[in-house]
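The values are calculated or read from the model by the stated rules, or taken from the named source; none is laboratory data. Keep in mind the model is a prediction, meaning the values are calculated, not measured. All Cβ positions, glycine included, derive from the backbone under ideal geometry; neighbour counts span all protein chains shown. Each accessible area value is taken on the protein alone, full model and side chains, heavy atoms only, with ligands, DNA and RNA left out. Shrake-Rupley method; radii C 1.70, N 1.55, O 1.52, S 1.80 Å.
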Amino acid sequence: MTKAIHFETTDGTRLIGRLEGDVIVSAGAAPAGGFVPTPENWALVATADGPRFPLAEVHVLAPVAPGKILAIGLNYQSHVEETNLAHPDSPVVFAKLPSSVTGPHDAIVIPAEETRPDYEGEVGLVISRRAYRVSKEEAWDYVGGLTALNDVSGRRAQLETPMRQFTLGKSFDTFTPLGPVLTSLDGVADRAAVSVRTTLSGEIMQAGNTRDLIFDVPTLIEYLTRGVTLEPGDLIATGTPGGVGDERTPPRYLRPGDVVEVAVEGVGSLCNPVLAEADVRDLAGVAVAAGA
C-alpha cells in the first residue's frame, strides 16, 4: 500500500510525496491539481527518494484538487431509515463545488446564515483515467485511490429553501475536508468492505462499512459515466451511513469549538476544528489557512 500526500513546507513550498509512518518522502513539486492518481504519478511517488520531512512540521493539504465532485445521497440503508425516505431505485446524485475542498486538519467555517450545519463521514474515490460508459466489470480499473472526506452539509440551505438547494448547502467554503492521503488500491485488503467512522468532539456518531452500500462502487461508476465523462482527479463521495446530526433527537449540529474526525480504514483521519464565520474575521489568517 502506498500513501500519497500533498503538503506545504514552512516556507510555502508545495510538494507531493509518500507518507511512511510519521515521515514524508518528497517526490518533488506539487502540480496545480495536487496528487492526481494516474499510474505514472503513483510510480513517481512509490519510487520517490527525495528529502524527508517530519509530518508534524508541515501543513498537510487536500491530496487532490478535483475538477468535479459527484456525491451520492441515501446510499446506506441505515441513513435511508433514519430520514424516513423511500429506498432509492437508482443512485441519488448531487454535486459539490470544488471550491468547498479544504485540508484534512484545517477549519470548517460555518457561514453566519447557516443554522443547521451537519457532518457526513464518507469514503471517497478518486478517478485515475478518463472514464466514459464504463462497465461494472471494468469500474475498479478507473479508481486511482481511496481517501476520507466529510460531506459537511448546511441543512438550512439544503432543505429549507425553495426546490431544496443541495448544491449550495453542500458547497460552502471549507465544507469538503479531504485527505489526509490518497491510498493505493493494491494494499486494501477488501476494496468492497472499507470502514468509515465519524467522531464529534470525542463521541462516535457514525460507524459504517462500504459493504453495506446500496449501490456499490462498480454500480456508481457505471451509472455516472452514462453521459458524464470522469477525468483523472475527479472525486466520487460514496455516501454516508446513519447517525447524521440532523436526524438525532435532539439534533446535534456542528458548533464552534467542536472537533470532527472522519476515519477511513487504510487512509487515516481527517480532524477538523469548527469555527463560526464571525470568529474567523477576528482571527487573522484563519480563513486563508482553512481554504488552502
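Points worth noting:
- For the range 84-178, chymotrypsin sites (Phe, Trp or Tyr not before Pro) are listed when DSSP marks them as loop and at most 13 other Cβ atoms sit within 10 Å of their Cβ; the list is Y132.
- Nearby lysines by direct alpha-carbon distance to K96 (threshold 20 angstrom, same-chain neighbours under 8 apart not counted): K68, K170
- If only the Cβ of Lys and Arg carry +1 and only the Cβ of Asp and Glu carry -1, the dipole of the chain around its Cα centre is close to 440 debye.
- A cut-off under 9 angstrom between Cβ atoms defines the neighbours of P218, and their net charge, with Lys, Arg +1 and Asp, Glu -1, is -3.
- With all protein chains kept in place, the per residue accessible area of the range 169-253 amounts to 36 square angstrom at a probe of 1.4 angstrom.
- Radius of gyration and maximum dimension Dmax of the range 73-175, Cα, Å: 15.4, 46
- Percent of Cα pairs in the chain per distance bin of 5 Å, from zero to the largest separation: 1, 6, 13, 18, 20, 17, 13, 8, 4, 1, 0.
- Relative contact order of the chain, defined on C-alpha pairs under 8 angstrom at six or more residues apart (%): 25 percent
- Per-residue accessible area (protein heavy atoms, 1.4 Å probe) orders E40, E277, E114 as E40, E277, E114, starting from the largest.
- Volume per residue for the range 166-292 equals 148 cubic angstrom (convex hull of Cα atoms).
- Dividing the Cα radius of gyration of the range 177-217 by 2.2 N^0.38 Å, with N the residue count, gives 1.35.
- Sulfur and carbon atoms: percent of accessible area, the range 50-134 [1.4 Å]: 56 percent
- Counting only protein heavy atoms and using a 1.4 Å probe, the accessible area of S99 comes to about 80 Å².
- Over all other residues within a Cβ to Cβ distance under 12 Å of L61, the charged ones net out to -1, with Lys and Arg as +1 and Asp and Glu as -1.
- Unit Cα scatterers, Debye sum, the range 1-112: log10 I(q)/I(0) for q = 0.11, 0.20, 0.21, 0.24 Å⁻¹: -0.50, -1.02, -1.08, -1.26
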